[in-house]
Amino acid sequence: MWHFQADEPAIDVNQPLPHPEWVAVPGSFNAQLMGPQYTDRVGYFWYETHFQLPSSQLKQRNVLRFGAVTHAAEVYLNGHLIMKHKGGFTPFEGEINQFLQAGDNDLKVKVSNILDNTTLPSADYKGDGQETYRFDFYNYSGIQRQVIIYSTNPSYIDQITIPYETDLTHTTVKPEIKVQGDFDHAQVTILDQTKQVVAQNNDLTSPLKIDQTHLWEPGNGYLYQLQVKIFAADGQLLDTYTKSFGIRTIEIKNNQFLINQKPFYFKGFGKHMDFFASGRGMNLPLMNWDNQILNSIGANSFRTSHYPNDEITMQQADRLGQVVIDETSAVGLFIGFNANVEVLKNNQTTWNTLDTTAAHQLAIKELVERDADHPSVVMWSIANEPAGGQPGAREYFAPLVKLTKELDWQKRPVTFTDIMRDDYQDDQIADLFDVICLNRYYGWYSNHGNLKAAEDELRDNIIHWHEKHPDKPFIFTEFGADTVPGLHSLEHSPYSEEYQVDLYKTYFKVFDEFSYVIGEQLWAYADFHTQDNMIRIDGNLKGVFTRDRRPKAIVSLLKQRWLNK
Ligand code: GCB
């Protein structure tokens, strides 16, 4: 429990916060506190805690690490500004010895939940604490993931990346290991899942060979460990660092997505981090429960819509063999979407209005750096529903796709999800990407309630996209209907559980006609909280589960389909 309060002019970093409330960390403050001063407020907020250290600890190198602070943070230790970070969904850390003291330490974090034309996600910020988001989920904010202090010796292993090459039997691992400080000798070991040594070297740079590779596969998350040790001349162990990794290949060939040379069909969801009271905060029991649910209905994959998930969720996906489309927080890159809010005029476009390139580059860099060694991550999604049909989109995205590939040793496929609004006729960017991901709402936002017309529209859309991009596979990364749990209708009208079932049946029938449609990720896994809006009745109700994970009628159909597909 940390102290917390909204910013006020009188905050003195050397004094206790004058009017604090209690807030749990990790967690979203605006899911825990009541009152518009927290839930509606756009601006700055302060967190404060104290921790105690013994004097022996000061001889170590101490690092303070945040899993994620949404959306920007300034960190003060004992009154000194020690680090800043922008971007709400990736970790950051810094050495803190300079201002650390034996005994009591005061830690304050100034958090901003402001989003504007330079941030990801993107919002229209009016500068007076008022903003209109360009995305459809509540702007939960705060210190949403773990905060830890860890210690090392002055010589330490800084970073490990684990590139490998494999023919699916023989694997050569060429680890890249960054060490800071002096050491005399090193040892690098690969252990299998039963902790048996399968390869070992006495230096940091030589390749290691695995002769009989046990592959990581969907549904069977076999993991090796790379263990690095550095020693002083007298044999004293200076540091040890162990990182898990899995071995598998990905290839796109003949319109198929091959994992270990076998076609993979994506069955699953776009999934928010969202729950009562914890908001978007890391919630491990919930994550574990969700994984059980996903497995029980035969889902094999999810997209981290619309921001990177926490690191433990990613580790767990590796262990369980879940397949992940790893998405950046680039959502809302669309100006002129809602004519009531913003109107395009005087040649104004998304791409000459927004100034998100720097934030986008940073978000990609931090995501790839964090997640490149996760076997579960089979593809990067670098944006959700950008204005891919407006002039300037290509110039904006081409360098970002290139950057993603450059940063990723594995050169994994890169995608974005295409919005219905900028369909195949207008799109200017899809050819830059490896897989085309479509978010489509026929029968909902178009042909509302008319599933026969929706079926034709969907089929027609697939055919046209394929004509334009005959070599690319397609995944439907969003499709669905708001469904009020418990609402039944003899007429199967929209919002009823019957309509949701009919809509999904319609889509599935059409998908099954096309071999180049290689996946279905429904929108959404569970109902989630949004900003108030006329079409959001207690949030977005497109979940196949309610927010508290009760199945809607569609779930039994899904289970039948997926356990057999
Ligand atoms: C979309 C967005 C998603 C929304 C969804 C909806 O296209 O990608 O964030 O929640 O539509 O339900 O409208």
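In table form, for the structure just shown:
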| read-out | value |
| --- | --- |
| The chain, dipole about Cα centre (Lys/Arg Cβ +1, Asp/Glu Cβ -1), debye to the nearest 20 | 940 debye |
| DSSP-assigned coil residues among trypsin sites (Lys or Arg not before Pro) in the stretch 1-84, each with at most 11 further Cβ atoms within 10 Å | none |
| Among 37, 80, 100 the positive-end extreme of the charge dipole of the stretch 2-152 (Cβ point charges) | 100 |
| Simple Cβ-charge dipole of the stretch 1-119, Lys/Arg +1 and Asp/Glu -1, about Cα centre, in debye nearest 20 | 400 debye |
| Part-to-part distance (alpha-carbon centres) for the stretch 311-327 and the stretch 1-35, which is given in Å | 32 Å |
| Given 16 as the ceiling on other Cβ atoms within 10 Å, longest exposed-site-free region of the chain for GluC sites (Glu not before Pro) in DSSP loops | 1-490 |
| Sparsely packed trypsin sites (Lys or Arg not before Pro) within the stretch 336-442, loop by DSSP, other Cβ within 10 Å at most 11 | 345 |
| The stretch 358-406: C-alpha pair distances exceeding 17 Å, % | 37 percent |
| Length-normalised contact order of the chain in % [C-alpha pairs under 8 Å, at least 6 apart] | 12 percent |
| Alpha-carbon centroid distance for the pair the stretch 150-214 / the stretch 62-102, whole angstrom | 29 Å |
| Listed residue (9, 190, 469) projecting farthest to the positive dipole end of the chain, Cβ model | 190 |
| Overall form of the stretch 476-531 per C-alpha gyration tensor (a/c, 1.5; a/b vs b/c) | oblate |
| Spatial separation of Cα centroids for the stretch 497-565 and the stretch 434-489, in angstrom | 12 Å |
| Dipole axis of the chain (+1 Lys, Arg; -1 Asp, Glu on Cβ), positive-most option in 364, 206, 429 | 206 |
| Check: the stretch 228-330 dipole with +1 on Lys, Arg Cβ and -1 on Asp, Glu Cβ, in debye | 420 debye |
| Gyration tensor verdict on the chain (Cα atoms; rounded if a/c is under 1.5, prolate if a/b is larger than b/c, oblate otherwise) | oblate |
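Bear in mind these aren't lab numbers, they're just calculated from the coordinates by the rules spelled out. Bear in mind that the values here come from a model prediction, so they are computed numbers and not experimental data. Virtual Cβ from ideal backbone geometry, glycine too; neighbours counted across all protein chains shown.
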